[in-house]
Every structure is written in structure tokens, then in C-alpha cells.
1. Return the Rg/Rh value of segment 125-245, two decimal places, where both radii are evaluated on C-alpha atoms and Rh is the Kirkwood radius.
2. To the nearest 20 Debye, how big is the dipole of segment 118-183 about its Cα centre, given +1 on the beta carbon of each Lys and Arg and -1 on that of each Asp and Glu?
3. Residues with beta-carbon under 15 Å from that of ALA12, excluding ALA12: net charge, scoring Lys, Arg +1 and Asp, Glu -1?
4. What size of dipole, in debye to the nearest 20, comes out for segment 125-245 about its Cα centre when the only charges are +1 on Lys and Arg C-beta atoms and -1 on Asp and Glu C-beta atoms?
5. Please name whichever of ALA188, VAL149, ILE169 sits farthest to the positive end of the charge dipole of segment 139-191, dipole taken about the Cα centre and charges placed at Cβ: Lys and Arg +1, Asp and Glu -1.
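Read the figures in this text as sums done on the coordinates, not as results from a lab. The structure presented is a predicted model; accordingly, all values stated were derived computationally and were not measured. Positions of Cβ are generated from backbone atoms using ideal geometry, with glycine treated the same way; all protein chains shown enter the neighbour counts.
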Amino acid sequence: MPGGGKLTIETANKWLDNRAGRERDLPPGQYISVCVTDTGTGIPKDIADRIFDPFFTTKPIGQGTGLGLSMIHGFVRQSGGQIRVYSEPGQGTTMCLYLPRYTGEITADAEAVDTTIAEMGAGETVLVIDDEPTVRMLIVEVLEEAGYVALEAEDGPWGLKILQTDVRIDLLITDVGLPGGLNGRQVADAARLSRPDLKVLFVTGFAENAAVGNGHLEAGMEVITKPFVMTELANKVTDMIENRHRGA
């Protein structure tokens, strides 16, 4: 809403019968709905079918990743739900999220996970690209604790500059949504022009198919989705580097 406006958030319990379920592409049953309505500019009809496409954005380069709605869509679909969008150009937009209502019993918390990081590396070098300093710092700490050498970059162009040097890099860990005009997938693809065997681990908060856009994961590329425990990250890094040494 560039000129300001009204934002309304509504929640409700919904019981969808067969007809209502078909209209929302959902099986009948009980759902929780979360609807957000604004009085903004609305969504032009010529792009309405693309708003959930990964990396699609109408913002200028460097001002948006085009991943926000894609992340929400991936989360909702993975949860067995659906999103419905109602928009009128010049009047506003309503987005409704439908999530299956949980009707079971609340179980006791799972046992605590062992978060001890074992030293598994042998001095291999890992480049970490993430624009969030706290996340980047945590990943670097885990890598160093596990016996790896960690290099850092805060955006895509900076990371690509490092990758285009002759410094040893055994693995690239990159967030998918990065500022600076290059997302994580674009950085990886560009880096592989000079480093065709580069192993790449994408760190992202949404489904794998969203992380790679309309393409696919090539050999030597993997995804780890947030949230994850640091031991999971360390194990994934070790597996990928060991596979590299074996020529996998």
C-alpha cells in the first residue's frame, strides 16, 4: 500500500463440505483460516497466475527476492492446506490461508536432541553466503567446530567474487534469497562455469522445488530447509564433502 491504507487480519474455524472443499481444492473437513485483506493497489490480472512462482517479483533488482509468497505457499501446501487469492486492481487484495485443524491429543515433548558437534572435517574449506549476520555466524561456528575452514560473504556478488578466485573451496553453502541482485541459485550456476565440480548446499526456509525455481537440482547440489538443528547441518556438510572426495 504505497499511499497507506487499511490492513485487516481475520481468523476462523472452517468446516468445508464437499462443495466448499472442491472450490478451494481441498478435501472436506475442518480447517483454520487466516485471511489478510489490504486496500492497496491490487494485483494486475496479467501477473496473478505468477505470484507464487519462486523468484518472481515486480520490485526493482536488489529490492526483493521474489521468495516471500513462494515460501508461504510451500509451507501451506506441505501442511496439507491451500491458499486462495481474491484481488481487484485499484481496490485491494485478500489472501486466505486454509490449514488442516489438528484434532488429536497433545503429546509430550520429544526427548532433547543431542547437539554435540563432532570434529569430522580435515581442514576443507567451505564458503558461507548469507545476508543475516547471526545465521552466518552460527553456521561458521558449527563448521569450525567440526574441523572445517570457513569463508564468509554477505551477499551474492561478494560470494561470487570469492568463487571466481583460485582459493580452494570444497563446498558452497548459500541461502537462496540473497540481496544484491543475485540469488543463491544464480551464484551457484555462475560459480560452476569455472568450478564445474563445486558442491552446493542451499539453505532455505521453503520447499525444495521452490528453492530451485522451475529448474532442478543438478548433481552435487542439495537442500537443507529451515529450521534445522546444527548437527543436521554438520552431518550434511560431511556427507557432501566425503562424496566429493570419493568422486560422487
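1. 0.91
2. Approximately 240 debye in magnitude.
3. +3
4. Details: 10 positive and 20 negative charges, 65 e Å.
The dipole magnitude comes to about 320 debye.
5. Of the candidates, ALA188 comes out farthest on the positive side.
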